[in-house]
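The values are calculated or read from the model by the stated rules, or taken from the named source; none is laboratory data. The structure displayed is predicted, hence computed values, not measured ones. All Cβ positions, even for glycine, are placed from backbone atoms using ideal geometry, and neighbour counts span all protein chains on display. Note: areas computed on protein heavy atoms with side chains; ligands, DNA, RNA excluded. Shrake-Rupley method; radii C 1.70, N 1.55, O 1.52, S 1.80 Å.
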Amino acid sequence: MIDPSRGLDQIADVLLQDGTVAAVGAGLGAPDGAEVRDVRDRVVAPGLVDVHVHLREPGNEDVETIASGARAAAAGGFTAVCAMPNTDPVTDNQAAVGFIVRQSARAALTRVYPIGAISVGQRGERLSEFGEMVGAGAVAVSDDGKPVASSHLMRTALEYARTFEIPVADHCEDPLLAAGGVMHEGLVSTRLGLKGIPAAAEEIMVGRDVLLARLTGGHVHLCHMSTRGSAELIRRAKEQGTRVTAEVTPHHLALTDAACERYDTHAKINPPLREAADVAALRQALKDGVIDCIASDHAPHAYDAKEAAFDDAPFGIIGLETAFGVAHTELVVGGSLSLPELLHRMSTAPAAAFRLPGGTLKPGAAADVVVLDVAARWSVAPATFFSKSRNTPFEGRMLTGRAVLTIVGGTVAHQAEAPARS
Ligand SMILES: [Zn+2]
């Protein structure tokens, strides 16, 4: 049993009762009528938490729904995810937020927390009604998919959000500097003849956002950090006491722009895959807590859309069902993080960043639990995904570690068949 929230890593029993963690400790007896699961040789941890997913409902239910996304999340070991508001229509008001909450309750799987849009229609002009959205269940605001181009709007968003103690999550990209780019600007983009997005396009916005967080006292959360320069800016901002948190995706920790070599559109991501030195810096920043958490940026797209030419294909890949396996293989098996450190970055820290329940097995907490087989070797087979989409760059990749049991509020949301070992 590993509980990063209390620094526990021990052999123990975990007793779940009435939807909450009742007790954790060695040699707990089973009360009468209790269902006993022997998970010897497995790791029991607080359920994983993902603060950045795109579930496409309403508007694009053919590629994902709240129910299919929640099912994929459960399969990936997640007990809570935060849904970005770039749906169609945009989740920018009380009723739209309420719809996500109701669909999540109906699915009764992994908890789906709505994120409301910063601006009406995500048009970057006028702030949406944060108070009403928070009242309906929104846990953060974001215009993700797009940056908040106006520094003035970002300032007022941070001031307004501070009243409700919610983070403003920004997709950091200078839109004019990044315009037309399809991959990282560097040697590989030059060789391939593709238009690049310079690292500075992200770093300019990271710099601006931490300055505005400092100015307003608001909490800025920086989405999907991809460059070593961003990591440096966040490190300095945190040293100065700025209220900033940040996330990195498994793919930015695992892949470089070399993945674009064959014009594989499954390597077309925004922000783009960067260079080996960026990957190394992001891993170090995650270990140091400069970057707080791992988030998947699960972004389903239709097969046909991703079959287009590299220049025309949409940005984004799915990630809920590979996030733990990729992160565990690359970081823990790879030797840069310990398992408790990884679980901290995928459960306790993201829950804390967005002030969500979860991320702990403390008695009294919700019974949101994952059981992991960290020795399981498995090959990524998109055809078996619960997600409605298949756009992953990890197809065929051998990974080590997966969720075998996911429990949300005391109810089983996912149970794997006996994992294949090889
Ligand atoms: Zn984004």
Give the total of Lys-Lys pairs in the chain with Cα-Cα distances below 21 Å; include a pair only if its members are 8 or more places apart or on different chains. 9
Work out Dmax and Rg for the chain from the C-alpha atoms and quote the Rg first, both in angstrom. 20.3, 68
Here the relative contact order (percent) of segment 78-221, from C-alpha pairs under 8 Å and at least 6 apart, is 20
Taking Rh as the Kirkwood radius computed over C-alpha pairs, what is the Stokes-Einstein D of segment 228-365 at 37 °C in a medium of viscosity 0.692 mPa s, expressed in µm² per second? 204
Given the Cα-Cα distance of ARG40 and ALA280 and 0.36 nm per residue of separation, how much length would full extension add, in nm? 83.0 nm
Hey, can you find the accessible area per residue of segment 287-371 for me, probe 1.4 Å, expressed in square angstrom? 31
Can you quote the Å³ per residue value for the convex hull of the Cα atoms in segment 324-414, rounded to an integer? 122
What number, in percent, do you get for the relative contact order of segment 279-391 if the mean sequence gap of Cα pairs under 8 Å and at least 6 apart is divided by its residue count? 30
Could you check which residue among ASP88, ASP209, ASP297 shows the biggest mean-square fluctuation in a GNM of the chain with a 10 Å Cα cutoff? ASP88
Among PHE130, ALA161, GLY98, whose Cα projects farthest towards the positive end of the dipole of segment 98-187, with charges put on the beta-carbon of Lys, Arg (+1) and Asp, Glu (-1)? GLY98
Test item: Cα-centred dipole of the chain, Lys/Arg +1 and Asp/Glu -1 on Cβ, debye: 480
According to the Cα gyration tensor, what semi-axes, each the square root of 5 times an eigenvalue, does the equivalent ellipsoid of segment 284-352 have, listed from largest to smallest in whole Å? 29, 13, 11
Over the Cα atoms of segment 83-124, compute the convex hull volume and normalise it per residue, giving Å³. 57
Can you tell me how much longer the chain between GLU395 and GLU159 gets when fully stretched, taken as 0.36 nm per residue apart minus their C-alpha distance, in nm with one decimal? 80.7 nm
Antiparallel DSSP beta bridges within the chain, percent to nearest 5: 50
Taking amide hydrogens as modeled 1.01 Å from N in the peptide plane, which residues meet the under 5 Å criterion relative to LEU55, leaving out close sequence neighbours? MET84
Gyration tensor (alpha-carbon) shape descriptor, segment 75-220, a/c threshold 1.5: oblate
Under a 1.4 Å probe, what is the accessible area of segment 49-155 per residue, stated in Å²? 33
At a threshold of 8 angstrom on Cα-Cα distance, excluding pairs fewer than six apart, so keeping six or more, what relative contact order does the chain reach in percent? 21
The correct ranking of VAL220, VAL24 by accessible area at 1.4 Å, largest first, is VAL24, VAL220
For segment 171-177, 3J(HN,Hα) per residue [Karplus equation, 6.51 cos²θ - 1.76 cosθ + 1.60, θ = phi - 60°, Hz, x = Gly/Pro]: 8, 7, 7, 6, x, 6, 6
Could you work out the equivalent-ellipsoid semi-axes for segment 276-316, taking the square root of 5 times each eigenvalue of the Cα gyration tensor, largest first, in whole Å? 31, 13, 5
Could you give the distance between the Cα centres of segment 98-129 and segment 153-230, to the whole Å? 22
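First select every other residue whose beta carbon is under 9 angstrom from the beta carbon of GLN94; then total the charges, Lys and Arg +1, Asp and Glu -1.
-2
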Among the GluC sites (Glu not before Pro) within segment 4-109, which fall in a DSSP loop and have no more than 13 other Cβ atoms within 10 Å of their own Cβ? GLU35
Highest-first arrangement of 178-186, 330-338, where packing means the average Cβ count within 10 Å: 178-186, 330-338
Can you tell me the length gained on complete extension of the stretch GLU307 to VAL412, counting 0.36 nm per residue apart and subtracting the Cα distance? 34.2 nm
Env charge @ PRO300, Cβ radius under 12 Å, K,R +1 / D,E -1, value -2
Could you please state how large a percent of the accessible area of the chain is carbon and sulfur, counting protein chains only and using a 1.4 Å probe? 51
Segment 254-292: trypsin sites (Lys or Arg not before Pro) falling in loop per DSSP and having at most 11 other Cβ within 10 Å: ARG262
Work out, in µm²/s and without decimals, the Stokes-Einstein translational diffusion coefficient of segment 106-182 at 37 °C, 0.692 mPa s, Rh from Kirkwood over C-alpha pairs. 248
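Once the Cβ-Cβ distance between ALA30 and LYS287 is put in as r, and R0 is 51 Å, what FRET efficiency do you end up with, to the nearest 0.05?
After rounding to 0.05, the efficiency reads 0.85.
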Debye calc, one equal point scatterer per Cα of segment 16-128, no solvent, log10 I(q)/I(0) at q = 0.18 1/Å comes to -0.90
Nearest-0.05 FRET efficiency for ARG106 and LEU8, computed from C-beta distance (R0 25 Å): 0.10
Point-to-point label distance, ALA149-SER338, nm (Cα→Cβ direction, 7 Å offset): 4.7
